[in-house]
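Only one structure is covered here, and it is reproduced in the block below.
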Amino acid sequence: MFNMAKRFGKEIRSAQRTGRSVTGLLVLMWVVGCGGVFTGIPDLDTPDGRVFAQRCGACHGKPFGDHGVTHGVPDPRFRTIAEWEKELLNMDRLIHEKGLPPLTEPERGAIIRYLSRHAKS
Ligand code: HEC
């Protein structure tokens, strides 16, 4: 804890030197600290969204991953549902290659419901 305070103190001082705003730094720390909640990905905290976050987040940037900022789970709004269905087949293959348990039918159902609710039209 002491080390962390020391480190942030240094960061803040160097931020001041380089003219970056301390507020910006604090906001960044806050966003990183709170993980996926503020990534703007909609409805992750719903029953379907949680399945999506858990199964798709297994490989796609865990917000609390050990290399700091990650991209987090894919944004459902970037693809149409037809594109998502193709993408899911790709992911089935990768899940298999990685030796992870395959998506169960209820999980697939939840993920497709979640994606179709938010997909690009
Ligand atoms: C086994 C690990 C793993 C899991 C679990 C996983 N992915 Fe992926 N995903 C990858 C890898 C590796 C890539 C990059 C290589 C590729 O695109 O083939 C990728 C790429 C993607 C891409 C980008 C493809 C592109 O065209 O740029 C999307 C979108 C995606 N995944 C969505 C998902 C969704 C939705 C889920 C949940 C059903 C999911 N992934 C689960 C490993 C995974």
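Some notes on this structure:
- Residues (within 8 Å of the ligand (Cβ to nearest atom), touching an Asp or Glu at 6+ places or on another chain (Cβ under 9 Å) and of a type outside the set (A, V, I, L, M, F, W, C)) located in region 77-107: Arg79
- Cβ-Cβ distances below 6 Å connect the following pairs, each with a first residue in region 45-67 that is of a type in the set (A, V, I, L, M, F, W, C), a second residue that is within 13 Å of the ligand (Cβ to nearest atom) and at pLDDT below 90, and a separation of six or more residues or different chains: Ala53/Val73; Cys56/Val73.
- Helices (runs of 4 or more DSSP H) enclosed by region 17-112 - at least 3 residues per element that are surrounded by 13 or more Cβ atoms within 10 Å (Cβ to Cβ) and modelled with pLDDT of 80 or more: 47-56, 81-97
The values are calculated or read from the model by the stated rules, or taken from the named source; none is laboratory data. Keep in mind the model is a prediction, meaning the values are calculated, not measured. Neighbour counts are summed over all protein chains in view; Cβ atoms, including those assigned to glycine, are modelled from backbone coordinates with ideal geometry.
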